Amino acid sequence: MRGNNEEHHARFFASFSLAISAVMGIAFASNMFTLFVFYEILTLSTYPLVAHKGTPEAIRGARTYLGILLGTSIGFQLLAVIWTYSITGTLDFTKGGILEGHIAGPAVAVLLALYAFGIGKAALMPFHRWLPAAMVAPTPVSALLHAVAVVKAGVFTMLKVGIYIFGIDFLAETGASEWLMWLAAYSIIAASVIAMTKDNLKARLAYSTISQLSYITLGMALATSMGALGGGMHIAMHAMGKITLFMAAGSIYVATHKTNISQMNGLGKIMPITYGAFFIGALSIIGLPPLGGSWSKWLLILGAADTGQWVMIGVLMVSSLLNVAYLLSIIGRGFFLPLPEGVPTKVTESPLLVWLPPAITAFGTLLLFFYAGVLQEFLMPIVSGY
Amino acid sequence: MAIESLPTAVLFFAGAALLIMLPQGRLRAALLLAVPVLAAWQVWTLPFGDHVQVNFFGLDLELMRVDKLSRIFALIFSLAAFLGNLYAWHVRDTVQQVSALLYAGAAIGAVFAGDLITLFFYWEGTAIASVFLIWARRTEGAYHTGMRYLIVQISSGVILLAGAVLYYRETGSLAFEHMELGSPGTWLIFIAFGIKAAFPLLHNWLQDAYPAATVTGTVILSSFTTKLAIYSLARGFAGTEILIYIGAVMTLFPIFYAVIENDLRRVLAYSLNNQLGFMVVGIGIGTELALNGTAAHAVAHILYKSLLFMSVGAVLFRTGTAKGSELGGLYKTMPLTMIFCVVGAAAISAFPLFSGFVTKSLILSASAKEHYYIIWAILLFASAGVFHHSGIKIPYFAFFAHDSGKRPKEAPLHMLLAMGLTAFLSIFIGVYPEPLYALLPYEVSYDSYTATHVITQLQLLFFSALAFTVLMRTRIYPPELRSVNLDADWSYRRLLPNIIRAVANTVSKIWAANSAFWHRTISTVISRLYNSHGPEGRIAQVWPTGSMVLWIAILLGVTLIVNFLS
Amino acid sequence: MSEHRTEDDSDFSAIARLFLWVDDKKKVDRFVYGLYGACALLFGADFLYHKHTYVPVENIPGFYALYGFIMCALLVIAAKGLRIILKRPEDYYAPMDVETEDYPEDQMERLNHGD
């Protein structure tokens, strides 16, 4: 922030703190209503962050952001919450779900649809537009929005609904989530393809996020314990990888004021740490060892194999390849194509506090590979015991 | 720490980490030589057995399975890394140095992998580490080629992962042992191996990428990826009959391309493909003799193929080109390189007293003994063909043929040393194969030097040379031309992009027309509404009465319709 | 390169001078006759020893010789035919491959003989 001489620090940091506390509220909510309230607080508190720059473009982006997130949550999610309460009389998160026995037939799928589309923060297509629209935000916000807080709040809610409201077994028995699985698969591939066509680095990362979020939705929709576990783990793995990418993108912007990938030839030579961190983050997103992302992908593929969904395995594989194409090409250009004429080839990294965070999170993805077992034990209770 | 509990791959990774800390210069180059030596010593001293088990993420991983099959591959990989690094002594590019170590380490790690997950990890490791040897050329073409290479290699990895998952679900085991082809899981694993082994139609990454790498990068690339795939096939699919036919096709079609290819490094890539075919046939036959042949041939092949890539690389290093059409007459000033190239050519052509002779014959004999006569005839043809394009064409067009007028200096000393050492080993194996035979997976009771074998082989080679000479002197032999020859990669480099472009254009046109239509319609509706209902509109002029009348009229109309309908 | 002065054979090392005969048409002819002779001898050898064979066709006298010659000739002619279908200009895939690019100067040591 300060590296770019931006203004309104107080408003910025106040909203930032509020957003973080809203995320905590979501994380610790014990029933769907509390979660819903904090979900809305998060939407509202991040709005000033998106509109931070105050330019017409930023205002327009922020309006899309607010419109989609509020519209879906009030139009669908609230309806779903009320419906759930009216048929079950409770909104408490319960192992194995609360809906079984209260609802049957196609209504299950409809209710799931209300939830799935109502949770706009999970950026399931076609309600994904807010994410690229929010690209106008400053980079730390993008990191927060796209990598950690907002989108993770979305997919976290998605998992909560899948596991504690519906219950995985109930979903599996009724087959209500099968359409969601296909939609998530479509989201994964379509968003990756769009990401390939984006030259703006942050836009590319935003579409990559849309694609990766659908991994988590897919994990839930597979309705197996392995899938749900993989989805849960992917929240952590993707967060660590994607925040690295966004912070590296921010570091590139701070040091060179470049936003487009086609202008980034040779920058790896003058910013080796930033690009190194980006490389590691990208490998984790792709799901390559020895980085954290490989484990969540492994679990998701196991989950898909459990349900006999060959196509889903194929989707995960193709998605990896698309990730390679749109992420590692940045590395190839950055390290191995010549710098434009006239740019001196001496190392000019961004300030310490800008390049250090991505370096740390990149190291984090490495640690997550070796300590994934701990994370798994941590997540195990959500899928076992019933 | 006891050396047994340290996976060999870790030696390489630690070496790479240490390398970054050392200053650029001889110390680094020396470290690059020391690591493979240390690794080879470790592999040599390790007893057979499973040495490093880790429980990871609820999976039992086996990192160091040392047996006769994995040991011989690990040893030759270490040797190849040593020779490659010696050849690259002059390189002062950290990226290439680090990736050479990581790449070799990952390949050796994969060879020792006792389970499919560990194999997958190192499998992807070889893909990631090796692409830098291509990108390190630092040109736009190399960047694009590297991307293609990377995507193909990673797809092999993800297919392996998917196969491993399905195999795990089918059998409940992740151990990397012999598999029967049949279930979806085993087929996927088979295809994953097949991509890296450059099966026909899956092969083009090889001919595409290897000539695009740096001078030294190609030498290093040529040793590991494909031979790792050969090892994996030998481990997992020995005796799978379909491999015999795949291998036969593999030996056959690259030789046609090699004859008309101009870039000598691509000629070598085609002949590399052809040599892999021999090994794949050996695996498919799957008898002890055939598998011994495959392992032995892999060893000999790594050496002479490195040697050939080194000699052509030295020419490229001195002249800036490796194209047959631009070269010729270099023997005058690069005689030692020429001699080493001829040694490599003799070895790949399986001349008696050179390494190919004592290894390829194991596979040919196995095919004859198992009564695969057609296959045997194809392999024989491929042997003659390989002599034709690698044995004669490479040295002839680079060092003799018409004088190009180029008078480059002899290759630098370290390159000569690396080539000399490799040439020595190629001859040593040919003259005295017993030490190599002793390392093979099974007992060997085979003598290559029978009168029949020597005489028939010489007949085959001399008459092939005769054919070359006759065709050359009658000017039937196709001249070296600057050109590109279409291969299966055309499908994804030209056809597929064209299809995608056409589809994308159509879709976006329909999309644009569609949205333009809606945009127009909605604008019209809005502007009409605005005209009638807007602040300036007719209805607004008499706002309360006017609108009420309108609404009543509408209401009446609706009532009327409902009335009629009911 | 020495366009300005005639090259002297003594410019080259002793090993290289062993091969200078390849520039002399007559000596090359002599080498080729040598090859013909060696081929004839090898062909004849088939009648002089007992072949250990596995494959029936191996017993045909001179099988390997004929097979090598015919198949190689066919190989070249077939490849030449393939070229008609497969050949494209060198810049066919450019700039997506290295075919038309020069090898980067800074990665080689372009030195001439005697430098």
Rounded to the nearest 500, what is the protein assembly as shown's calculated 222 nm mean residue ellipticity when only DSSP H runs of at least 4 contribute -39500 (n - 2.57) each, over all residues?
-22500 deg cm²/dmol
In whole Hz, with x marking every Gly and Pro, tabulate ³J(HN,Hα) for segment B:53-58 from phi via Karplus 6.51 cos²θ - 1.76 cosθ + 1.60, θ = phi - 60°.
10, 10, 9, 9, 6, x
Just want the ordering: B:Phe517, A:Phe363, from fewest to most Cβ atoms lying within 10 Å of their own Cβ.
B:Phe517, A:Phe363
What the Cα atoms of segment A:270-328 span along the principal axes, largest first and in whole Å, is 48, 19, 9
Distance cut-off 32 Å, Cα to Cα: go down the list B:Lys227/B:Lys406; A:Lys95/A:Lys242; B:Lys360/C:Lys25 and report the pairs above it.
B:Lys227/B:Lys406; B:Lys360/C:Lys25
Measure nothing fancy, just the Cα-based angle from helix B:140-171's long axis to the longest principal axis of chain B, in degrees from 0 to 90, nearest 10.
90 degrees
Neighbourhood net charge (13 Å Cβ-Cβ; Lys/Arg +1, Asp/Glu -1) for A:Gly231:
+3
Where does each of A:Leu66, B:Leu181 land when they are ranked from fewest to most other beta-carbon atoms within 10 angstrom?
B:Leu181, A:Leu66
Would you please name the GluC sites (Glu not before Pro) within segment B:121-187 that are DSSP coil residues with at most 13 other C-beta atoms within 10 Å of their C-beta?
B:Glu177, B:Glu180
Output the 0 to 90 degree angle, nearest 10, between the alpha-carbon long axis of helix A:225-256 and the longest principal axis computed from the alpha carbons of chain A.
20 degrees
Computed FRET efficiency, Cβ-Cβ of B:Thr524 and A:Leu70, R0 35 Å: what is it to the nearest 0.05?
0.70
What are the aspartates and glutamates whose alpha-carbon lies under 17 Å from the alpha-carbon of A:Lys160, with same-chain residues fewer than 8 places away excluded?
A:Glu40, A:Asp92, A:Glu100, A:Asp169
Environment charge at B:Gly114 (Cβ cut-off 13 Å; Lys +1, Arg +1, Asp -1, Glu -1)
-4
Whole-Å distance linking the alpha carbon centroid of segment B:254-321 with that of segment A:270-346 is 32 Å
Exposure proxy ranking, count of Cβ atoms within 10 Å, fewest first, for B:Ser515, B:Ser130, B:Ser311
B:Ser515, B:Ser130, B:Ser311
Given the options A:Ser30, A:Ser73, A:Ser225, which has the most mean-square fluctuation in a GNM of chain A, springs set between C-alpha atoms less than 10 angstrom apart?
A:Ser30
Using θ = phi - 60° and the Karplus curve 6.51 cos²θ - 1.76 cosθ + 1.60, what whole-Hz ³J(HN,Hα) does each residue of segment C:98-105 get, with Gly and Pro shown as x?
8, 3, 9, 7, 7, 5, x, 4
Distance from the Cα centre of segment B:383-439 to that of segment A:31-52, in angstrom?
70 Å
Hull shadow area, averaged, segment C:14-88 [alpha-carbon convex hull, nm²]
9.2 nm²
Between A:His102 and B:Ala14, how many nm apart are label points set 7 Å from Cα along the C-beta direction?
5.9 nm
Which parts of segment B:260-282 would a label at B:Lys369 reach, counting a residue when its backbone N lies under 14 Å from a point 7 Å out along Cα-to-Cβ?
B:282
Residue-ordered couplings for segment A:13-20, obtained by feeding phi - 60° into the Karplus form 6.51 cos²θ - 1.76 cosθ + 1.60 and rounding to whole Hz (Gly and Pro as x), are 6, 5, 4, 4, 5, 4, 4, 4
In whole Å, what are the extents of segment B:371-481 along the principal axes defined by its C-alpha atoms, from largest to smallest?
52, 40, 23
So what does the Cα-only Debye profile of segment A:13-99 read at q = 0.19 Å⁻¹, as log10 I(q)/I(0), no solvent term?
-0.88
Roughly what angle does helix B:543-565 make with the longest principal axis of chain B, taking Cα atoms, 0 to 90 degrees, to the nearest 10?
80 degrees
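Where a number appears in this text, it was derived from the coordinates with a stated rule and is not lab data. Computed from a prediction, not measured in an experiment: that's the story for all the values here. Virtual Cβ from ideal backbone geometry, glycine too; neighbours counted across all protein chains shown.
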